[in-house]
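Step one of this worksheet: look at the structure below.
The values are calculated or read from the model by the stated rules, or taken from the named source; none is laboratory data. Not measured: the values here are computed from a predicted model. Quick reminder, even Gly has a Cβ in these numbers, built from the backbone with ideal geometry, and neighbours come from all protein chains shown. These accessible areas exclude ligands, DNA and RNA; they are computed on the full protein's heavy atoms, side chains included. Shrake-Rupley method; radii C 1.70, N 1.55, O 1.52, S 1.80 Å.
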Amino acid sequence: MENLIFDAHCHYDDEKFDDDRDTLLSSLPEKGVFAVVTNGTDIETSRTSLELAEKYPFVYAAVGIHPENAAETDIEKLDDYIEKIAQMLTHEKAVALGETGIDYYWDIPKDAQHIIFDRQLQLASDIKKPIIIHDREAHGDILEYLKKYRPYGLLHCYSGSKEMLSEVFRYGKMWISLGGAVTFKNARVPVEVAKEVPMDKLLLETDAPYLAPVPYRGKRCDSSMISYTAQRIANIRGMSVEDVLKYTKDNACRLYNL
Ligand code: NI
């Protein structure tokens, strides 16, 4: 069977892969993986992500500053960082700006988060690259940004309601991705979302090394485990797992211009 797994969002620079990164990445194509987009979370990890993309044909990179790094980001140097991100985005394997967004779960200075996110939205719009957005307990503000910038991109690890979907799709050329959470026993909202989201708007992701699907919940996650997430969504929607994988792979190729 052809490789159908497209992991739209993951972090292979993470230290949890330090012991066996190359062995693991080399094994993914034989486990059904077609492509992965590994995301930087600051300038340094964005560079590492690009290096991984240079090394493996099926690995692509997203480069950007994550809201969890807002406190450590020197705002005085933001112009310089934005310049570096713009420069990295000229690389042929850099397919998106990310991971960026807003996070109100952790106690991170809000002003800094907003300044950094806003600048990255501007940049993505200026250079016409897709943007990968993290929204943790910040739905209202994220929607305001979507209204303001009408971006083209991905709302990753979608955690909003099924009602919020129509707003997300109204205010930009957006897709959403679902990960391991849809397989969790207590998952209610993600299951509703998996049922309601139009099939041409859905991508799959792992956010590896985190959020492994059942039966690997709590373990280190890798892109091959997307088959469990796809199986769960296939059951929810009454589709075949092959169709779920095919649709989501095609959508990811469209989003990332592959
Ligand atoms: Ni992530």
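Results for (1) over 19 Å from residue 14 (Cβ atoms); (2) modelled with pLDDT of 95 or more, shown as yes or no for each residue.
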{"residue": "47", "(1), (2)": "no, yes"}
{"residue": "53", "(1), (2)": "no, yes"}
{"residue": "56", "(1), (2)": "no, yes"}
{"residue": "60", "(1), (2)": "no, yes"}
{"residue": "64", "(1), (2)": "no, yes"}
{"residue": "71", "(1), (2)": "yes, no"}
{"residue": "80", "(1), (2)": "yes, yes"}
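Find all pairs meeting these conditions: Cβ atoms under 9 angstrom apart; at least six residues apart or on different chains; first residue within the range 194-218 and closer than 20 Å to residue 175 by Cβ and hydrophobic (A, V, I, L, M, F, W, C); second residue open to solvent by 80 Å² or more (accessible area, probe 1.4 Å) and away from the ligand (no atom under 16 Å from the Cβ).
194/232; 199/247; 202/247; 211/217
So, in the range 24-43, exactly how many residues are within 13 Å of the ligand (Cβ to nearest atom) and over 11 Å from residue 58 (Cβ atoms)?
The number of residues fulfilling the criteria is 4.
Mind checking which residues of the range 61-105 are surrounded by fewer than 21 Cβ atoms within 10 Å (Cβ to Cβ), among the charged types (D, E, K, R) and within 15 Å of the ligand (Cβ to nearest atom)?
68, 103
When the range 109-135 is examined, which residues are found to be of a type in the set (A, V, I, L, M) and within 15 Å of the ligand (Cβ to nearest atom)?
131, 132, 133
Name the one entry in 251, 186, 235 that is more than 16 Å from the ligand (Cβ to nearest atom) and open to solvent by less than 20 Å² (accessible area, probe 1.4 Å).
That would be 251, the only listed residue that is more than 16 Å from the ligand (Cβ to nearest atom) and open to solvent by less than 20 Å² (accessible area, probe 1.4 Å).
Taking the residues in the range 136-156 that are under 15 Å from the mean Cα position of the chain (by Cα) and open to solvent by 40 Å² or more (accessible area, probe 1.4 Å) as candidates, determine which candidate is nearest to the ligand (Cβ to nearest atom).
136
Taking the conditions exactly as written (in contact with a helix residue (DSSP H, G or I) (Cβ under 6 Å, 6 or more places away or on another chain), at pLDDT below 95 and of a type outside the set (Ser, Thr, Tyr)), does residue 101 satisfy them or not?
No.
So, of the residues in the range 189-214 that are in contact with a strand residue (DSSP E or B) (Cβ under 8 Å, 6 or more places away or on another chain), under 16 Å from residue 232 (Cα atoms) and not hydrophobic (A, V, I, L, M, F, W, C), which turns out to be farthest from the ligand (Cβ to nearest atom)?
Per the stated criteria, the residue is 190.
Just to check your reading of the model, which residue among 128, 173, 162 is among the charged types (D, E, K, R) and on the phi > 0 side of the Ramachandran plot?
Of 128, 173, 162, the one residue that is among the charged types (D, E, K, R) and on the phi > 0 side of the Ramachandran plot is 128.
What are the residue pairs meeting all of these: first residue in the range 131-157, first residue over 15 Å from residue 38 (Cα atoms), second residue open to solvent by 40 Å² or more (accessible area, probe 1.4 Å) and of a type in the set (Ser, Thr, Tyr), Cβ atoms under 6 Å, and 6 or more apart or on different chains?
Here the result reads 136/105; 137/104; 137/105; 138/104; 149/125, each pair linking the range 131-157 to a residue that is open to solvent by 40 Å² or more (accessible area, probe 1.4 Å) and of a type in the set (Ser, Thr, Tyr).
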